[in-house]
Amino acid sequence: TPSLKVSGLAYAYPDGTQALYGVDVVIGRGERVALLGPNGAGKTTLVLHLNGILHGGLGTVEVGGLRVDAGDKKALREIRRRVGIVFQDPDDQLFMPTVREDVAFGPANLGVRGDALDRCVTAALERVGMAHVADRPPQHLSFGQRRRVAVATVLAMEPEILVLDEPSSNLDPAGRRELAEILLSLDVTVLMVTHDLPYAAELCPRSLVLSGGVIAADAPTSELLADD
Ligand code: ADP
Ligand code: ADP
């Protein structure tokens, strides 16, 4: 079963703007894929369909074989666990008094308690090298550290697919390198929305180019760079 299967996805906003025209994408388990394309291409619209925030157009989305169906509340809860979205701004994701509480929030909401919750939080923080800041307030961390904690909040849910919006934005060279090493070390399917071609090339063997609401290219990232 692929991590993601998007078939014939077409969507127009209520004002009539057609944002996607029949998008087909299959991403296998463990793949790392960059989603490239100019502003207005439809990248955000596509991502917001993966967990059912946007719906009502044509076509289907399946995550790990489970259909995204906005009308099925129970299935949608599972979909939102399976699709882990890391926003561009970590401060949209971190709102608790400590890092530990932020990372615990998602699994606790799923009913994980006690020692199992502690283990889950520690494991997620270790995967991003942030276990040593577990008891600090997120606001006391650097921007790069906050982004890594935001990744941990999503990993704690054990997602089928990790979706990152511009993960390299606002990072200095050291922060970029640290995050790249973390993402390369994770054993998880990744879809990364980015304008940062070198970062895509380093992390993602495959790239999708969305342009005007259609997939204009789906190719090894190295080939796309060679064409530029
Ligand atoms: P990208 O993320 O690639 O920049 P978007 O998915 O945000 O592209 O936008 C795709 C198209 O849909 C663009 O034409 C954009 O202006 C339009 N669009 C995005 N959000 C809305 C909205 N809420 N209402 C109407 N049109 C929108
Ligand atoms: P990004 O590059 O992060 O996708 P965009 O410029 O595409 O940013 O969009 C920023 C926000 O503005 C999004 O929430 C999008 O839905 C909204 N938006 C974009 N185009 C339109 C539009 N034509 N009408 C209404 N909202 C829009």
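The values are calculated or read from the model by the stated rules, or taken from the named source; none is laboratory data. All figures in this text were calculated on a predicted structure; none of them were measured in a lab. Positions of Cβ are generated from backbone atoms using ideal geometry, with glycine treated the same way; all protein chains shown enter the neighbour counts. Each accessible area value is taken on the protein alone, full model and side chains, heavy atoms only, with ligands, DNA and RNA left out. Shrake-Rupley method; radii C 1.70, N 1.55, O 1.52, S 1.80 Å.
Summary table below
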{"read-out": "Filtered residue count, region 20-39, keeping only those that are buried (at least 22 other Cβ atoms within 10 Å of the Cβ) and within 7 Å of ligand 1 (Cβ to nearest atom)", "value": "1"}
{"read-out": "Criterion violated by LEU54 - all others in (1) open to solvent by less than 20 Å² (accessible area, probe 1.4 Å); (2) within 16 Å of ligand 2 (Cβ to nearest atom); (3) among the hydrophobic types (A, V, I, L, M, F, W, C) satisfied", "value": "(1)"}
{"read-out": "Index of the failed condition, VAL6 passing every other in (1) without any contact (Cβ under 8 Å) to a residue 60 or more places away in the chain; (2) within 15 Å of ligand 1 (Cβ to nearest atom); (3) open to solvent by 20 Å² or more (accessible area, probe 1.4 Å)", "value": "(3)"}
{"read-out": "Verdict on GLY59 being touching a Ser or Thr at 6+ places or on another chain (Cβ under 7 Å), away from ligand 2 (no atom under 16 Å from the Cβ) and not aliphatic (A, V, I, L, M)", "value": "yes"}
{"read-out": "Any chance PHE143 is touching a Leu at 6+ places or on another chain (Cβ under 8 Å), open to solvent by 10 Å² or more (accessible area, probe 1.4 Å) and over 21 Å from LYS43 (Cβ atoms)", "value": "yes"}
{"read-out": "Inter-residue pairs, beta-carbon under 8 Å, first of a type in the set (Lys, Arg) and in region 129-140, second open to solvent by less than 40 Å² (accessible area, probe 1.4 Å) and at pLDDT 95 or above, 6+ apart", "value": "ARG136/THR98; ARG136/VAL99"}
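A quick yes/no check of all residues on (1) modelled with pLDDT of 95 or more; (2) in contact with a Leu (Cβ under 7 Å, 6 or more places away or on another chain); (3) open to solvent by less than 60 Å² (accessible area, probe 1.4 Å):
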site	(1), (2), (3)
ALA41	yes, yes, yes
ALA70	no, yes, yes
ALA75	yes, yes, yes
ARG81	yes, yes, yes
PRO90	yes, no, yes
PHE105	yes, no, no
ASP118	yes, no, no
